[in-house]
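Following: one structure in structure tokens, then a few remarks.
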Amino acid sequence: MASFATPTTFTGIPATTAAGNTTKRLPNSPFFSTSYQRSKRSTYRSFKVSCNVTDGNEKRPESEKPTLLNVGNLDRRNLLLGLGAGAGLYGTVNLPSAFAAPITTPDITTCKASTDGFFNLKDRIRTNACCPPASVKPVKKYVLPKDEAVRIRPAAHRVTPEYVAKYQKAMAAMRALPDDDPHSFVQQAKIHCAYCNGGYFQEGFPSKELQVHNCWLFFPFHRWYLYFFERILGKLIDDPTFALPYWNWDNPTGMSIPAFFEGKNFPDDKSKVLNAAFDAFRNVEHLPPAILNIDVVNNSTTDYTCVQQIGVNLSLMYKQMITNSPNAATFFGGEYKAGDDPISLQNSKGPIESGVHTAAHIWVGNPRMPNNEDMGNFYSSGWDPLFYTHHANVDRMWKIWKDLKGPEYPDHTDPTDPDWLNASYVFYDENRELVRVYNKDCVQMENLRYEYEPSPLPWLNSRSVARNKKANVAGKSSGKVKKVEETKFPVKLDKIVKVLVKRPATNRTKEDKKKAYEILYINDIRLDGEKFVKFDVFVDDLDEDGSACSPLDSEFAGSFSQLAHFRGHNMLMSSGATFGLNELLDEVQAEDEEYILVTLVPREGCQDVTVGAIKVGLVPLDGEKFVKFDVFVDDLDDDGSACSPLDSEFAGSFSQLGHFRGHNMLMSSGATFGLNELLDDVQAEDDEYILVTLVPREGCKDVTVGVIKVGLVPSIAYG
């Protein structure tokens, strides 16, 4: 990784092109003016420039010589120079992410019948024809209404009889609509199936399916989904203040399925009116007053008493919302950009999605059904009215996480990557208009004109307690358990796996922990998408007395779980998980240990699961400075004169405003620069390599660049 405080030059990746290609030009200047060429026909073919800044005449060891990539003769459309960060937080630009774009839902006419998500496609109880009805009007950008009354979403276990009657009226009206009406309950239920079970391909990438789970799209997609579902219900009963209830499963008094969702008739069994909130395909063993088990395993029950179950749930909520969600990268889940294969993502999914979200789906779904319908499968989840109430509380978790402020929560902010902000989806709005919505327009709830009724957060005081303090667990395991560097990966999770993992630093002080999060990474998890998968992760659990560690114990780092996402054949998926270590190591008093003992315990569906890497890393926090550097291409500077923005060789600048937190905050980003006109201007089209020069302007002392490459972007991507 290059670090520069003085001008740094690189030989670029080949940029030769076949003759006669039609290209769409990208202007070098924001004002589309024509630049002056300082030097034409200067040739830069084979400069071997190390990423380390040294005297140009200094001899470099072989290990420092750059690798010159050769991709042959390129069929150029739009040629872009991309600079990317190395690793860390959102904004990181990997190969080829320097040329990535936001996920975009295509026109609904390209929708196809869903085949993903089925144990048994033949015996499904819901349709897999999940595409929305065609629209005679084109998709238009949604404009958020203004000056509306704020809708207050109530806690479902505390609603009044008047509210329940209103909810029943709205749901009954939706269920009474013709199935082909975009406002009908049938069509609303199908939305989740289409977006989550292979109904859409990504716009511009007809071979790549679109998926809104297991990545950073999870929270914003479901927020928009509920937003329109709620507004449609309100319009059906002519009540603009109508709001969905939320299932308050993070509070002991709300952990059972809300009572008005059960019973076939409303308001009681003597009535002939059907209960519009009822769904026949729920696990009958988990009906009220059963308490949701956030530690659920699909094929077994846990022997917790009611009091123990509440304690476990609260402890897990703390771990998922606080311990394992220190920043946006951990809370929202891994990046997912245009062109990415959703079943091959190496990134992790967020703790809430993998944790309580998945647990509630599995716990409510009926295991006697062919595909765990309704809530136990993505394709059928939307057919249960409880789904929308469950996801209302998932959405509430996003708000609560952002609202946690102060020195203990410095990084509870939304992603700022343009590829997240500009990701978009298509829905029918309350006026039956087909509209496109963007993540960036849903991050502020006040703009959406809804709010959540307050409810206590007892899990904030449910930090776990260590079983073994100052136990020197890693030291006692040395010689008995292999270190990561001695372990052959991937490892199979058909049995308990233990490994010693080296930490990047020891004896970290409170001040150190304010500057960087210590994160455990379980990477390259390969699993069969046809199965529900769950395994638990423990850190420094010695288990000398043979007793099992529980979620109430500090040594329990968390779980990885994945709802089945079936295709009727084996589907190898990739994923990952992250777990916060700052608090855990404090609690077990292991801050001075060089290694930690990581234990992976398979719970369900792990017979063929493998893990490709386990490591511990520090995620620093330093975006306090204004940063700027200039980028030049093929600027020889033989006469010693400085290149300026008036010259063609000036490709552009990267700049970043300060993002102050009162402490260091490491940020990652990237930049792209058009080369079509520049190479024409300097008459270097036949050169195999380009010379890239980075000139620091301000705040670049600690700035690093992880990758520099040249790539081709088809013209269709620009219009």
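The values are calculated or read from the model by the stated rules, or taken from the named source; none is laboratory data. Everything quoted here is computed from the prediction, not taken from an experiment. Note: ideal-geometry Cβ built from the backbone for every residue, glycine included; neighbour counts use all protein chains shown. Areas reflect the complete protein model, heavy atoms only, side chains present, ligands, DNA and RNA absent. Shrake-Rupley method; radii C 1.70, N 1.55, O 1.52, S 1.80 Å.
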(request) Output the residue which, of all residues in segment 447-468 that are among the charged types (D, E, K, R) and modelled with pLDDT of 95 or more, is farthest from GLY234 (Cα to Cα). (result) GLU453
(message) Filter segment 232-253 down to the residues that are buried (at least 24 other Cβ atoms within 10 Å of the Cβ) and either in a helix (DSSP H, G or I) or at pLDDT below 95 (or both) and list them by number.
(response) ILE232, LEU233
(request) Could you tell me which residue of segment 501-517 is least open to solvent (accessible area, probe 1.4 Å), considering only residues that are modelled with pLDDT of 95 or more and part of a strand (DSSP E or B)? (result) VAL501
(message) Can you report the number of residues in segment 188-225 which are touching a strand residue (DSSP E or B) at 6+ places or on another chain (Cβ under 8 Å) and of a type outside the set (A, V, I, L, M)?
(response) 18
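Do we have any residue at all in segment 625-633 that's modelled with pLDDT under 95 and surrounded by fewer than 16 Cβ atoms within 10 Å (Cβ to Cβ)? Walk me through how you get there before you give the answer.
Within segment 625-633, the subset modelled with pLDDT under 95 is 625-633.
Filter once more, keeping what is surrounded by fewer than 16 Cβ atoms within 10 Å (Cβ to Cβ): 626.
Yes, that holds for at least one residue.
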(request) Have a look at ILE257, ILE294 and point out the one that is in contact with a Gly (Cβ under 7 Å, 6 or more places away or on another chain) and either among the aliphatic types (A, V, I, L, M) or open to solvent by less than 10 Å² (accessible area, probe 1.4 Å) (or both). (result) ILE294
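Please verify whether VAL312 is outside any loop (DSSP other than H, G, I, E, B) and without any contact (Cβ under 8 Å) to a residue 12 or more places away in the chain, treating the condition exactly as stated. First the steps, then the outcome.
Details: outside any loop (DSSP other than H, G, I, E, B): yes; without any contact (Cβ under 8 Å) to a residue 12 or more places away in the chain: no.
In short, no.
Applying the selection to segment 317-343, what residues are among the β-branched types (Val, Ile, Thr) and part of a loop (DSSP other than H, G, I, E, B)?
Passing the criteria: only ILE343.
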(message) Could you go through segment 211-234 and let me know if any residue there is in contact with a Cys (Cβ under 8 Å, 6 or more places away or on another chain) and aliphatic (A, V, I, L, M).
(response) yes
(message) Being touching a Ser or Thr at 6+ places or on another chain (Cβ under 6 Å) and open to solvent by 40 Å² or more (accessible area, probe 1.4 Å) is the filter here; which residues of segment 679-707 pass it?
(response) GLU688, THR704
(message) Can you pull out every residue in segment 149-176 that is outside any helix (DSSP H, G or I), under 12 Å from PHE242 (Cα atoms) and not hydrophobic (A, V, I, L, M, F, W, C)?
(response) ARG151, ARG153, PRO154
(request) Keeping to segment 394-406, report how many residues are within 18 Å of the chain's Cα centre (by Cα) and either touching a residue at least 60 places away in the same chain (Cβ under 8 Å) or more than 12 Å from TYR452 (Cβ to Cβ) (or both). (result) 8
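Residue-by-condition table, conditions (1) out of contact with any helix residue (DSSP H, G or I) (no Cβ under 9 Å at 6 or more places or on another chain); (2) under 27 Å from LYS513 (Cβ atoms); (3) modelled with pLDDT under 95:
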{"site": "ARG282", "(1), (2), (3)": "no, no, no"}
{"site": "VAL296", "(1), (2), (3)": "no, no, yes"}
{"site": "SER300", "(1), (2), (3)": "yes, no, yes"}
{"site": "TYR304", "(1), (2), (3)": "no, no, yes"}
{"site": "ILE310", "(1), (2), (3)": "no, no, no"}
{"site": "LEU314", "(1), (2), (3)": "no, yes, no"}
{"site": "MET317", "(1), (2), (3)": "no, yes, no"}
{"site": "LYS337", "(1), (2), (3)": "no, no, yes"}
{"site": "ILE343", "(1), (2), (3)": "yes, no, yes"}
(request) Kindly indicate whether any position in segment 230-239 is out of contact with any Gly (no Cβ under 9 Å at 6 or more places or on another chain), free of Cβ contacts under 8 Å to residues at least 40 places away in the same chain and over 16 Å from HIS357 (Cβ atoms). (result) yes
(message) With the structure loaded, tell me whether VAL139 is open to solvent by less than 50 Å² (accessible area, probe 1.4 Å), of a type outside the set (Gly, Ala, Ser) and more than 32 Å from the chain's Cα centre (by Cα) or whether it fails that test.
(response) no
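Looking for whichever is among the polar types (S, T, N, Q) and closer than 24 Å to ASN366 by Cβ here; the options are ASN283, ASN251. Which one fits?
Within the list ASN283, ASN251, the selection yields ASN283.
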(request) Would you check which residues across segment 469-496 are open to solvent by less than 80 Å² (accessible area, probe 1.4 Å) and in contact with a strand residue (DSSP E or B) (Cβ under 9 Å, 6 or more places away or on another chain) and list them? (result) VAL473, ALA474, GLY475, SER477, SER478, VAL481, LYS483, VAL484, THR487, PHE489, VAL491, LEU493
(message) Pull out all pairs, ordered by first then second residue, where Cβ-Cβ is under 8 Å, the residues are six or more apart or on different chains, the first lies in segment 176-188 and is open to solvent by 80 Å² or more (accessible area, probe 1.4 Å), and the second is in a helix (DSSP H, G or I) and modelled with pLDDT of 95 or more.
(response) ASP179/VAL186; ASP179/GLN187; ASP180/GLN187
(request) Within segment 588-613, work out how many residues are of a type in the set (A, V, I, L, M) and open to solvent by 20 Å² or more (accessible area, probe 1.4 Å). (result) 2
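If you check TRP216 against the conditions, is it at negative phi and outside any helix (DSSP H, G or I)? It would help to see each step written out before you state the result.
Details: at negative phi: yes; outside any helix (DSSP H, G or I): yes.
Taking the combined requirement at face value, the residue satisfies it.
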